[in-house]
Amino acid sequence: MHAASRRQGLLLSLVWLFAAMFFAGSSARAAAPAPERLRDLLARMHQVHLHSDWTAYRTESVELTRFLNGSPDALLELARADARAGDSRAAMQQLTAIVRMGVSQAEVGSSPDFSSLRKQVAFRSILQAMARNAKPVSHSRRAFVIPDAGLLPEDLAYDPSKGRFLLTSVREARIVSMTPGGQMSTFARAPDGWPMLAIKVDALHRVLWATEVALTGFRSIPQRDWGRSVILEYGLETGRLLRRVAGPAASQLGDMTLSPAGDLLVADSNKGGIYLLRRDDDELVRLSTNEFVSPMTPAFVSGDRALIADYVRGIALLDLGTGRAVWLAMAGKYALEGTDGLYWYQGRLIAIQNGLAPERVMSFTLDAGHSRISAQRVIESGTPDLDPTHGVTVAGSLYYIANSGWNELTRDGSVRHGATLTRAFVMRTRL
């Protein structure tokens, strides 16, 4: 979940955002935490853009492309710089790569940055290909509807002993239990009244884990609480609160996963931290990595390695012992940014990507070392009302929240003027 900036659009929007908030003239420091390095880089891009120095903008865009591991948004900035600098061939190469990645960048056709390309037949072909990328693809079917339109579900888990789903609610600050037939009841309420975000069932130990987060800026939350996060452990049978572990200051513990041993790996999308909570411990331990800007859902591939989705940088294989992160190559054909939910299933990586256009659910096949993508398959893309967040694998199928409702909220958590929250539904697809 990326409540701070659910799909700003193009990366240039982030340039203005980061530059306005954090401008500093220093150069990026390789040893600095990734959020600081990105802020430095975007601030430099902002400055040279203000002066229309397209040669310098291209230099910084190349660096951005390296830092973001060849993401579509980074390639778009590089194409923008090339087009402005008069290198139409290079600009077309970047745009062609974006098309191969299955992405549709709506602004390309109307942006003045690409006006020099509009008479080219190849450019019009790129626009047509982007339009095709935006067309709906569906290999899922509706599993059940959540009857409460105001719930705004974020994450879901599955309790195999009772055959029920458990979902967190952002707007109603509770966890609900759902039967496949659509019957809903309250499992537990947030002890602090904050939004409930991540959720995981530990079926072996009969407990349920969830995070409660005081999202900064939300009008429904007292300002004194903004930036606080807690991890909560409940008895799976009773819904009784068993343990409460406080997160670090100014954190947003929005995503987590469970190891086979029952340990939690938790992501702080606000400050880039990855934390480990051992099953029998009461203290979060931050792993020694500075590589993540806005980490989302982790996915264990072994006891000491996990794949981590970063909303802007893509997906990395993280060694939990050393903190070393190896980024999966996008290679001009695999768009990995904008991933919210991430799940490992029989050698495949299932990615729920609400930070791309079109929003989509993907299956990526990895090599034996889990460090390279060898194939991809679209599960769902661009279908009406698609606004997915998270899912869970159950008996060879993926169940995922298809239309959470985040797109209908403003930054302060209010429903947008003129918008109406509709009942969310969960989709199912065979894996």
Completion exercise
As straight-line cross-link partners of Lys162, the qualifying lysines (C-alpha separation under 30 Å, not fewer than 8 residues apart within one chain) are Lys200
Problem - Principal-axis tilt of helix 11-22 within the chain, Cα atoms, nearest 10 degrees - result: 80 degrees
Practice task
Check cross-link reach from Lys135 to the aspartates and glutamates: straight Cα distance under 19 Å, and skip same-chain residues fewer than eight apart.
Solution key: Glu107, Glu359, Glu380, Asp385, Asp387
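Residues with beta-carbon under 13 Å from that of Ala90, excluding Ala90: net charge, scoring Lys, Arg +1 and Asp, Glu -1? Show your work: numbers first, answer last.
Numbers: positive: Arg58, Arg80, Arg84, Arg89; negative: Glu77, Asp82, Asp87.
Its environment carries a net charge of +1.
Hull surface divided by four, with the convex hull built on the Cα atoms of the chain: how many nm²?
Numbers: hull surface 79.0 nm².
With every direction weighted equally, the projected area is 19.8 nm².
Rounded to the nearest percent, how much of the accessible area of the chain (1.4 Å probe, protein heavy atoms only) is carbon and sulfur? Present the calculation step by step, with values, prior to reporting the outcome.
Working: 8430 of 16840 Å².
Of all accessible area on the chain, carbon and sulfur atoms account for 50 percent.
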Practice task
Find which of Leu152, Ser88, Trp226 sits farthest along the positive direction of the dipole of the chain, computed with +1 on the beta-carbon of Lys and Arg, -1 on that of Asp and Glu, about the Cα centre.
Solution key: Ser88
Exercise for the section: Compute the semi-axes of the equivalent ellipsoid of region 124-233, taking the square root of 5 times each eigenvalue of the Cα gyration tensor, and list them largest first in whole Å. Expected result: 30, 23, 13
Fill in the blank from the handout: With -39,500 (n - 2.57) per DSSP H segment of 4 or more residues and division by the full residue count of the chain, the 222 nm estimate, nearest 500 deg cm²/dmol, is -6000 deg cm²/dmol
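I'd like the trypsin sites (Lys or Arg not before Pro) in region 49-141 restricted to DSSP loop residues with at most 13 other Cβ atoms within 10 Å, sorted by number. Show your work: numbers first, answer last.
Values: sites: Arg58, Arg66, Arg80, Arg84, Arg89, Arg100, Arg118, Lys119, Arg124, Arg132, Arg141; in loops: Arg118, Lys119.
Counting only loop positions with at most 13 other Cβ atoms within 10 Å, the trypsin sites (Lys or Arg not before Pro) in region 49-141 are Arg118, Lys119.
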Exercise for the section: Measure nothing fancy, just the Cα-based angle from helix 34-50's long axis to the longest principal axis of the chain, in degrees from 0 to 90, nearest 10. Expected result: 30 degrees
Fill in the blank from the handout: quick shape note, region 182-254: Cα extents on principal axes in Å, largest first -> 36, 28, 16
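Residues with beta-carbon under 11 Å from that of Ser138, excluding Ser138: net charge, scoring Lys, Arg +1 and Asp, Glu -1?
Details: positive: Lys135, Arg141, Arg142, Arg360; negative: Glu380.
Summing Lys/Arg as +1 and Asp/Glu as -1 gives +3.
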Fill in the blank from the handout: Interchain or sequence-distant (5+) residues whose placed amide H lies within less than 5 Å of the amide H of Ala329 are Ile373
Completion exercise
Across 10 Å bins beginning at 0, the whole-percent shares of Cα-Cα pair distances in region 193-338 come to 12, 41, 33, 13, 1
Practice task
May I ask for the net charge around Ser61, where only other residues with Cβ less than 9 Å from the Cβ of Ser61 are counted and Lys, Arg are +1 while Asp, Glu are -1?
Solution key: -2
Problem - Distance between region 167-199 and region 206-236 - C-alpha centres, whole angstrom - result: 12 Å
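The values are calculated or read from the model by the stated rules, or taken from the named source; none is laboratory data. Just so it is clear, the model here is predicted, and its values are computed rather than measured. Neighbour counts are summed over all protein chains in view; Cβ atoms, including those assigned to glycine, are modelled from backbone coordinates with ideal geometry. Just the protein is used for accessible areas: all its heavy atoms, side chains included, with ligands, DNA and RNA removed. Shrake-Rupley method; radii C 1.70, N 1.55, O 1.52, S 1.80 Å.
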